[in-house]
Ligand code: C2E
Ligand code: MG
Ligand code: MG
Ligand code: MG
């Protein structure tokens, strides 16, 4: 009887799996059409420079509005796009769209200094990545210094020589690099020495318990000190509360990003946000 049940269970399990696989398959086939059918769009999350008290950068984050399943988060479809190779075209679309938007904000004089764009491993590893970035910057007529590419350690771990060549070539042009999700992987300090990062982003998992966890606090304090020593900016991701903000200020963190300031928002909302933020500051200075 136990055997029977075990068998039934495993059958049940297989059915579950195949349903999940069917959903993945459906996502995969519809992802092919997502760009052509204008289903992808970007949200922008503002970053606040704590020294200047200004919104000086935005991180572009992609979203997919599926015709029947609704909005799908990048955590779900970026891995799929990586597996299928669709990340090459999606990544290029994201980069171009973000640069076009940044150009508009910069020309409007809102004081934006960088647009940050996430780059995944396969995208970075494609044959002509440097050319693609250069071509986009030229076609949009955006100066390279306005673009910051966010990469994770996984890019740095394999094929270090080639990776260094790509990062150095783009850095010489003026493009900036930031190390995303710092603290979650091996976080080898040699990466900071070997690659010319402009920014380190401390992963939100360390910010979450900052106020109660002494170890997280020590880690954040150390990373911020390290950043200063290496002449890199440090961004704290996922800042949700005033208490977290106060501690980060105490540690001399350069930049914060997270719900406390704003979750990722549309281009129209971002424009309003950056204008209102500057107006509020101005009003406060006047008294
Ligand atoms: P990430 O680059 O580390 O982005 C930060 C994520 O944290 C975003 O999730 C953002 O919405 C979320 N977040 C920001 N502030 C808070 C907060 O205060 N509380 C909480 N709970 N969450 C916060 P999102 O937009 O779902 O993106 C998830 C990941 O997907 C990104 O992590 C990034 O690795 C990837 N991704 C997003 N857009 C792109 C893209 O255009 N290209 C590539 N290659 N990857 C992308
Ligand atoms: Mg990021
Ligand atoms: Mg991150
Ligand atoms: Mg500071």
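The values are calculated or read from the model by the stated rules, or taken from the named source; none is laboratory data. Fair warning: this is a prediction, and the values are worked out from it, not measured in the lab. Positions of Cβ are backbone-derived with ideal geometry, glycine not excepted, and every protein chain shown enters the neighbour counts.
Look at residue 251 and say whether it is modelled with pLDDT of 95 or more, surrounded by 20 or more Cβ atoms within 10 Å (Cβ to Cβ) and away from ligand 3 (no atom under 16 Å from the Cβ).
When the stated conditions are applied, residue 251 does not pass them.
Check region 265-274 and report whether any residue there is on the phi > 0 side of the Ramachandran plot, modelled with pLDDT of 95 or more and outside any helix (DSSP H, G or I).
No, there is no match, as no residue in region 265-274 is on the phi > 0 side of the Ramachandran plot, modelled with pLDDT of 95 or more and outside any helix (DSSP H, G or I).
Find the residue count for region 164-210, including only residues that are closer than 20 Å to residue 257 by Cα and within 16 Å of ligand 2 (Cβ to nearest atom). Don't jump to the end; show me each part of the working.
So in region 164-210, the residues closer than 20 Å to residue 257 by Cα come out as 176-184, 197-210.
Filter once more, so that each one left must be within 16 Å of ligand 2 (Cβ to nearest atom): 176-184, 197-207.
The number of residues fulfilling the criteria is 20.
What is the one condition in (1) under 17 Å from residue 275 (Cβ atoms); (2) part of a helix (DSSP H, G or I); (3) out of contact with any helix residue (DSSP H, G or I) (no Cβ under 6 Å at 6 or more places or on another chain) that residue 45 does not satisfy?
(2)
Does region 32-40 contain any residue that is closer than 22 Å to residue 100 by Cβ, within 16 Å of ligand 2 (Cβ to nearest atom) and either surrounded by 13 or more Cβ atoms within 10 Å (Cβ to Cβ) or at pLDDT 90 or above (or both)?
Within region 32-40, not a single residue is closer than 22 Å to residue 100 by Cβ, within 16 Å of ligand 2 (Cβ to nearest atom) and either surrounded by 13 or more Cβ atoms within 10 Å (Cβ to Cβ) or at pLDDT 90 or above (or both).
Could you name every one of the strands (runs of 3 or more DSSP E) located completely within region 50-146 that has at least 3 residues being touching a residue at least 24 places away in the same chain (Cβ under 8 Å) and surrounded by fewer than 19 Cβ atoms within 10 Å (Cβ to Cβ)?
54-66
Which condition breaks for residue 254 when tested against (1) out of contact with any strand residue (DSSP E or B) (no Cβ under 8 Å at 6 or more places or on another chain); (2) within 30 Å of residue 277 (Cα to Cα)?
Unmet for residue 254, out of (1) out of contact with any strand residue (DSSP E or B) (no Cβ under 8 Å at 6 or more places or on another chain); (2) within 30 Å of residue 277 (Cα to Cα): (1).
Which one is nearest to ligand 3 (Cβ to nearest atom), of the residues in region 50-74 that are under 21 Å from residue 105 (Cα atoms) and more than 17 Å from the chain's Cα centre (by Cα)?
The residue in question is 50.
Please pick out the residue among 192, 245, 219 that is assigned to a helix (DSSP H, G or I), within 16 Å of ligand 4 (Cβ to nearest atom) and either modelled with pLDDT of 95 or more or touching a helix residue (DSSP H, G or I) at 6+ places or on another chain (Cβ under 9 Å) (or both).
245
With respect to the numbered conditions (1) on the phi > 0 side of the Ramachandran plot; (2) surrounded by fewer than 19 Cβ atoms within 10 Å (Cβ to Cβ), which one is the sole condition not fulfilled by residue 205?
(1) is the only condition that residue 205 fails.
Which ones in region 224-241 are within 15 Å of residue 255 (Cβ to Cβ) and either part of a loop (DSSP other than H, G, I, E, B) or within 16 Å of ligand 2 (Cβ to nearest atom) (or both)? Show your work before the answer.
Initially, region 224-241 is screened for residues within 15 Å of residue 255 (Cβ to Cβ), giving 224, 227-228, 231-239.
Scanning region 224-241 gives 231, 232, 233, 234, 235, 236, 237, 238, 239.
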